[in-house]
Amino acid sequence: MRWLYYVMMSKIPPPDDKISLLRLAFKGLKDDELREMAELTEIRTYPPGYVLCQEGAYEDIFYIVAEGDVIITKKIADEETERVLRIGGKGDLVGEMALIQNAPRAATVRAMTECTVLEMEKRDFETILSRSPAMAIDIIRITLDRIRANDQMAITELQKNNKILRLMDRNKMEFIQVAAHELRTPLTVIKGYGNLLRTFPELKANPALDEMVEGILKGADRMHEVVNMMLDVSRIDAETLKLASIPVLLKRVLQGLVNSLGKAAAERNIKIHLDYAEDTPIIHADPGLVEKALYQLTVNAVKYTPDGGTVTLRARPVMMEGDIPGAEVVVQDTGIGLDPEHHELIFEKFYQVGSVALHSTGKTSFKGGGPGLGLSLVRGVARAHGGKVWVESAGHDEVNYPGCTFYLQLPVRAAGSK
């Protein structure tokens, strides 16, 4: 309610002063159009900080700045702070687009200094606009200029943010490398002493102590696995990974995964099926990395499949992009599924679907957490070999369980192998 605001009415200026200001704002208007527009405007002065336009509000006033400066700001996404779009001064138009579009204000406009403006009601503005093609063209020109300026500002901001993100990502990977190397030494010591303790007769005679040592060794093995994954991901990111070129029979690798994960899956009554097409080609790749990638895909499927579900591994020949022969491994589950907005993000390092506060450690426990590196490793292995990986899912649903299907394609001969 505008009458609740502090408004200082100034002395009405001579018509010629209004016309000169309007001529500054609208360079294409004729004198009679300027006079008609001047008669429909009111001049007011507002104190510093006064809000002329409120973002998101439906308002009916169009402004032309006569004296003073205004600041135009906009909230970006869910940020609490406002981003400055531009500073306006004498001759600037404010609030015209919302009136033309019958839409809420797209930005907030505040007086930076004591600010004098010409005001026009929406009905009068629309009347003038309908009668004057020149005014419409001027507003189009002004709007396009603003769009170009805003685009350039957005591009500059994105370039700056990308530079910062690249630096942060590099620092993060350097930290991962240092942390992984530093953890390796104490883990080796823990495992060494743990294995030594297992040889003591006194330990074998005490089931409780024997169980504790087994727990220590199991925890150390899990930590060692995570450390190795951290190093693999950092090497892939740094493009320092040396690929071997060895014939890899996927059937053997997949059958090994079914056997190694069989016990954990059976504990949750999950069945793992293997469907292998006999014409699946032997690929020349790094066997260790391929096995790690397939392991991560399979463990991920087991983890997000409820007790009593099914995980299916399929292998078949495929013709990749560019008519490159390859092999495709499909990992399909009957789990909770994944919403489309996460289909790309889950392959980013440390990305977690859902709240991290609900994180629970476990390689194969239902919805058990992890370091967020497994699928990133899969993508890195795929790219390093000249292949690709992606996921398809109808969405997240913990009632109907639509499941996920992961596709990993690898060429018969890896692009970076030696």
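Readers should treat all values here as calculations from the given coordinates under stated rules, not as data from a laboratory. These numbers were taken from a predicted model, which means no experiment stands behind them. Backbone-built Cβ (ideal geometry, glycine too); neighbour counts: all protein chains shown.
Sorted by packing (mean other beta-carbon atoms within 10 Å per residue), highest first, where do 319-325, 70-76 land? Provide the component values of the computation, followed by the final result.
Working: 319-325: 11.0, 70-76: 17.1.
Packing proxy ranking, top to bottom: 70-76, 319-325.
About the Cα centre of region 153-304, how large is the charge dipole given +1 on each Lys and Arg Cβ and -1 on each Asp and Glu Cβ? Please answer in debye to the nearest 20.
Result for region 153-304 is approximately 200 debye, rounded to the nearest 20.
Tell me which GluC sites (Glu not before Pro) from region 186-261 have a DSSP coil assignment and no more than 14 other beta carbons within 10 Å of their own.
E239
Just the number, please: Stokes-Einstein D of region 164-237 in µm²/s, Kirkwood Rh from C-alpha pairs, 10 °C, 1.306 mPa s.
Roughly 113 µm²/s, to the nearest whole number.
Aspartates and glutamates within cross-link reach of K27: Cα-Cα under 16 Å, excluding same-chain residues under 8 positions apart?
Partners within reach: D16, D17, E36, D92, D138, D145.
For region 246-411, what does the convex hull of the Cα positions come to per residue, in cubic angstrom?
Convex hull volume per residue, Cα atoms: 107 Å³.
Tell me, what is the percent relative contact order of the chain, built from C-alpha pairs under 8 Å that lie six or more residues apart?
It rounds to 11 percent for the chain.
Spelling out what I want: for every residue of region 214-231, take phi, set θ = phi - 60°, compute 6.51 cos²θ - 1.76 cosθ + 1.60 (Karplus), and round to whole Hz; glycine and proline get x.
4, x, 4, 5, 5, x, 5, 4, 5, 5, 5, 5, 5, 4, 4, 5, 4, 5
Could you work out the helix-only [θ] at 222 nm for the chain, with each DSSP H run of four or more residues adding -39,500 (n - 2.57) and the total divided by the number of residues, to the nearest 500 deg cm²/dmol?
Helices in the chain give a 222 nm mean residue ellipticity of -15000 deg cm²/dmol.
Would you mind working out the magnitude of the charge dipole of the chain relative to its Cα centre, with +1 at each Lys and Arg C-beta and -1 at each Asp and Glu C-beta, to the nearest 20 Debye? If you can, show how the numbers build up before the last one.
Working: 51 positive and 58 negative charges, 317 e Å.
The calculation lands at about 1520 debye.
Positive end of the dipole of the chain, charges at C-beta (+1 Lys, Arg; -1 Asp, Glu), about the Cα centre: which of L261, A57, H343 has its Cα farthest in that direction?
Of L261, A57, H343, it is L261.
For region 59-114, max minus min Cα coordinate along each principal axis, in Å, sorted largest first?
That gives 34, 26, 14 Å along the principal axes, largest extent first.
Could you state the angle between the C-alpha long axis of helix 133-197 and the longest principal axis of the C-alpha atoms of the chain, as a value from 0 to 90 degrees rounded to the nearest 10?
20 degrees
Of T364, V391, T334, which is farthest towards the positive pole of the chain's charge dipole, taken about the Cα centre with +1 and -1 on the beta-carbons of Lys, Arg and Asp, Glu respectively?
Going by the Cα projections, it comes out as T364.
Which lysines does K160 reach when only Cα atoms under 25 Å apart count, and residues fewer than 8 places away in its own chain are ignored?
K74, K75, K172, K349
Computed from the coordinates I sent, semi-axes √(5λ) of the Cα gyration tensor in Å equals one of [x] 43, 24, 18; [y] 66, 25, 21; [z] 31, 27, 23. Tell me the label.
Label [y] holds the value from this structure.
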